[in-house]
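One structure is given below, encoded as structure tokens.
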Ligand code: HEM
């Protein structure tokens with residue numbers, strides 16, 4: 001009993017999944033879900049705005065969170081809709097495909113009731129019925145009809161099969177497209193790498209700025225090759241608008257340089273299935289810090305800006321010296337072009353760069369997670385401030401010496417592997433190719449029957465169109481005139 | 001060059017307005033002369049508009065579809081071009097010029113609100129695929145706009161026809177008992193459409209106008225082409241727009257892959273073009289489905305156009 005009703009329930013679910021209306025409704029629901037995702041801030045891309053919402057309107061935020069609205073594309077209901085859509089599409093398409101294949105293989109029965117068709121004509125032609133049908137066959141072939149069956153004195157022909165084939169190609173391609181998205185997500189990864197000019201980045205999990213986002217089936221298959229950034233360059237138009245961003249890089253496999261390439265906006269570098277995209281840049285001053293003659297820091301430091309589009313702003317960074325007693329922290333501001341800064345012009349290039357500092361001492365609170373670009377100042381007191389030009393050294397009270405040795409740039413690369421891309425491109429092309437005949441052609445069929453009449457032949461022609469019936473009226477008329485050139489034609 | 005582009009833009013807008021009035025005059029009073037004049041003026045407007053777009057491209061030193069102002073201007077150009085060069089080959093569609101030009105004038109007037117001086121683009125926007133993507137989006141938006149105009153007119157005419165049909169049903173018994181010359185002002189013609197399996201009743205169009213009746217008073221059938229013809233025009237426009245829109249989305253995805261390393265990121269722009277795509281796919285299915293053809297399909301088309309507009313206006317100006 002219970003299993004009976006369960007099976008019946010499953011059957012009815014299956015039946016409704018097989019209907020194209022269900023598929024389209026599921027698709028529309030996915031669309032609505034993504035609209036939610038476009039209006040509500042998404043945690044994976046803008047965590048700060050989500051956190052802000054939790055702080056400002058906790059109840060609303062909790063409800064949104066419970067509904068998965070902060071991560072629509074990773075939510076259980078989005079996944080469920082997606083899977084149901086895949087099932088529904090397959091359930092629609094399998095029977096349609098089978099029907100098409102069967103229909104193509106089958107030999108048609110000669111139609112009996114030609115007079116009952118929407119289009120019918122008959123007329124007298126010369127010659128025997130066999131000759132008449134032979135002529136009709138040739139005439140139809142010439143006009144691109146597929147003559148399917150016949151025998152001596154009858155034939156059936158079809159045109160516009162491309163519509164059904166194209167439609168199926170389109171629908172299957174869309175199905176595969178949805179699969180391609182899953183493959184790309186499941187087997188790929190995305191990471192971000194900040195690399196200073198002259199330095200080397202290794203394509204490995206641990207060397208990204210923060211842990212890369214890896215697909216469920218990615219399985220740590222990083223490639224391990226290395227990329228050395230030779231230099232980075234921004235070129236500007238006269239108006240100050242950037243013209244191009246270029247990173248010149250060497251690709252290194254097992255210690256040997258295998259390629260030298262440029263990575264620029266819209267021109268990523270692909271290597272062994274991994275692509276590197278130009279995604280950002282910034283300044284990296286080399287600052288040496290000494291205390292009583294001992295070198296405490298000398299690596300180039302990545303500086304950031306609060307607004308990459310605003311070249312009027314100074315860049316900022318920090319140096320933390322936890323080894324000193326008391327601990328010392330330096331908050332730094334870089335002016336790549338101090339003259340431009342003073343004049344209120346954008347600082348596009350490095351011209352006599354200048355580093356301003358504020359020095360603090362006390363407790364840096366490094367036991368807590370904190371930004372490398374700023375100091376936690378609650379337990380620090382400021383004890384000095386000033387500036388240092390490139391190539392110069394200043395000595396702070398207490399014996400710390402700061403040298404502004406050099407100014408480099410860094411480039412930010414988006415590193416990505418998506419094994420679904422090729423499939424996506426192929427299916428997108430198929431979607432387009434299938435769509436054209438699916439939309440613009442129509443399927444129509446025609447039957448011809450011949451019987452002796454006096455010393456000639458009576459030819460009967462019946463036909464119908466599945467789509468664009470209006471256009472077929474005209475085509476049928478032309479066909480009849482072609483097949484019955486001189487005979488008396490009666491079109492009811 | 002910028003000034004010349006702006007001047008020709010203004011000239012085109014003025015000519016479109018004049019042509020629109022001519023078309024509407026013809027629509028209301030059925031005089032042939034205003035129509036002929038309106039068509040000439042519309043062609044002149046089209047020429048001025050094309051010149052404006054070309055000059056804009058020369059001034060900016062790139063293709064002239066790099067920002068919202070240019071986008072809207074070229075959409076307007078494409079609407080008028082497709083209407084004059086393609087749609088008007090159907091003579092009955094010439095009655096619709098006033099509505100098409102009205103929509104164009106609205107688009108162009110709106111575009112002046114987002115006017116910017118011509119200039120170069122940021123590097124991410126300098127991409128062949130992006131140029132192709134935007135061009136395809138422009139042409140399909142223009143076709144969707146035409147489809148929208150025809151769909152709205154279809155809905156209006158369909159309502160009117162239904163009213164007339166209901167009225168005829170109610171009058172039918174009275175007519176049967178009345179004798180010839182019952183004082184009905186119009187000729188009644190009953191057509192039966194074998195495909196639809198229903199009879200449609202139409203009133204003789206011209207007779208009421210020439211003598212006796214007030215000039216310009218609408219006949220009961222109205223001045224619009226039959227609803228079936230409007231539906232057909234709308235479907236043609238949308239059927240051509242759909243694959244182009246599909247192509248635009250694909251080209252956009254290819255560009256996004258090159259520029260940002262992902263072909264689809266569910267950003268608001270992408271979300272709304274997806275929603276637009278799904279709605280118009282729903283429209284095409286509805287037209288192929290018994291019981292959904294006609295008014296229900298038309299409502300889906302209107303929703304699809306609303307999604308397109310939302311993407312163009314709200315997403316561009318507010319969300320991003
Ligand atoms: C899953 C079940 C589906 C079924 C059974 C189905 C069935 C059909 C059929 C039978 C046609 C041909 C209509 C005709 O020849 O007039 C068609 C056309 C079409 N389908 Fe689907 N479809 C389904 C899902 C989808 C989906 C998910 C989309 C995606 C947007 C889609 C987009 C289209 C388009 C654009 C056309 C062309 C319209 C036309 O031929 O007039 N279909 N579909």
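Every read-out reported here was derived from the displayed coordinates using simple, explicitly stated rules and does not represent laboratory data. Quick caveat, the model's predicted, so the values are computed rather than measured. Because the Cβ atoms are built from the backbone with ideal geometry, glycine has one as well, and the counts that use them run over all protein chains shown.
Can you tell me the orientation of helix A:421-440 relative to chain A, as the angle in degrees between its alpha-carbon axis and the longest Cα principal axis, to the nearest 10?
Helix A:421-440 sits roughly 30 degrees off the main axis of chain A.
Can you tell me the length gained on complete extension of the stretch residue B:40 to residue B:295, counting 0.36 nm per residue apart and subtracting the Cα distance? Can you show the working numbers first?
Values: separation 255, 0.36 × 255 = 91.80 nm, distance 3.46 nm.
Additional length available on full extension: 88.3 nm.
For residue A:436 and residue A:295 in the same chain, what is the full-extension length gain: residue separation times 0.36 nm, less their Cα-Cα distance, in nm? It would help to have the intermediate numbers written out before the result.
On the way: separation 141, 0.36 × 141 = 50.76 nm, distance 7.01 nm.
Length gained between residue A:436 and residue A:295: 43.7 nm.
Given 0.36 nm per residue, what is the gain on full extension from residue A:429 to residue A:204 after removing their alpha carbon distance, in nm? Write out the running numbers ahead of the final one.
Working: separation 225, 0.36 × 225 = 81.00 nm, distance 3.38 nm.
Residue separation times 0.36 nm, minus the Cα-Cα distance, leaves 77.6 nm.
Quick one: B:156, A:87, B:254, fewest Cβ neighbours within 10 Å first, how do they rank? Each step should come with its number before you reach the end.
Values: B:156 14, A:87 17, B:254 21.
Sorted ascending by nearby Cβ count, the order is B:156, A:87, B:254.
Taking beta carbons within 10 Å but only from partner chains, what does the mean come to for residues A:31-38?
Details: counts 10, 3, 2, 9, 7, 1, 4, 12.
Per residue, the number of nearby Cβ atoms from other chains is 6 on average.
Mind checking the mean number of beta-carbon atoms from other chains within 10 Å of the Cβ atoms in B:265-274? Please list the in-between numbers first.
Numbers: counts 2, 8, 5, 5, 1, 2, 10, 4, 0, 6.
Neighbouring Cβ atoms belonging to other protein chains average 4 per residue here.
Say R0 is 45 Å: what FRET efficiency, to the nearest 0.05, do residue A:216 and residue A:370 get from their beta-carbon distance?
Working: r = 32 Å, r/R0 = 0.71.
Calculated transfer efficiency: 0.90.
Output the 0 to 90 degree angle, nearest 10, between the alpha-carbon long axis of helix A:76-105 and the longest principal axis computed from the alpha carbons of chain A.
For A:76-105 against chain A, the angle is about 30 degrees.
Ranking A:432, B:101, A:375 by Cβ neighbours within 10 Å, fewest first, what do you get?
Details: A:432 16, B:101 30, A:375 19.
Fewest-to-most ranking of A:432, B:101, A:375: A:432, A:375, B:101.
Taking a quarter of the surface of the Cα convex hull of the protein assembly as shown, what do you get in nm²?
Numbers: hull surface 207.3 nm².
For the Cα atoms of the protein assembly as shown, the hull's average projected area reads 51.8 nm².
Direction-averaged shadow area of the convex hull around the Cα atoms of the range A:1-110, nm²? Kindly include the intermediate steps, with their values, before the conclusion.
Details: hull surface 46.4 nm².
Value for the range A:1-110: 11.6 nm².
What is the helix-to-structure angle for A:2-17, meaning the angle in degrees between its Cα long axis and the longest Cα principal axis of chain A, kept from 0 to 90 and rounded to the nearest 10?
90 degrees
So for A:416, B:236, fewest C-beta neighbours within 10 Å to most, what's the order? Walk me through the numbers on the way to the answer.
Numbers: A:416 25, B:236 17.
The fewest-first ordering by Cβ neighbours comes to B:236, A:416.
Compute the distance from the alpha-carbon center of the range B:245-296 to that of the range A:146-189, in whole Å.
20 Å
What shape does the range A:198-312 have by the C-alpha gyration tensor, where a ≥ b ≥ c are the square roots of the eigenvalues, rounded means a/c under 1.5, and otherwise prolate means a/b greater than b/c and oblate the rest? Write out the running numbers ahead of the final one.
Details: a/c = 1.69, a/b = 1.15, b/c = 1.48.
Note, shape of the range A:198-312 comes out oblate.
With a 10 Å radius around each residue's Cβ, average the other Cβ atoms per peptide and rank A:346-357, B:40-51, highest first.
Working: A:346-357: 17.6, B:40-51: 19.2.
Peptide ranking by packing, descending: B:40-51, A:346-357.
For n ≥ 4 DSSP H runs only, could you compute -39500 (n - 2.57) per run for chain A, divide by its residues and tell me the 222 nm figure to the nearest 500? Mind showing how you got there, number by number?
Working: 10 runs with 167 residues, N = 492.
Computed mean residue ellipticity for chain A: -11500 deg cm²/dmol.
Could you compute the FRET efficiency for residue B:288 and residue A:104, with r as their C-beta to C-beta distance and R0 at 25 Å, rounded to 0.05?
On the way: r = 21 Å, r/R0 = 0.86.
According to the calculation, E is roughly 0.70.
Could you tell me how many cubic angstrom of Cα convex hull volume the range B:31-78 has per residue? Mind dumping the intermediate values first?
Details: hull volume 3.0 nm³, N = 48.
Each residue corresponds to 62 Å³ of Cα convex hull volume.
When only C-alpha pairs under 8 Å and at least 6 residues apart count, what is the relative contact order of chain A, in percent?
20 percent
Quantify how strongly other chains surround peptide A:323-329 by giving the mean number of their Cβ atoms within 10 Å of each of its Cβ atoms.
That works out to 0 on average.
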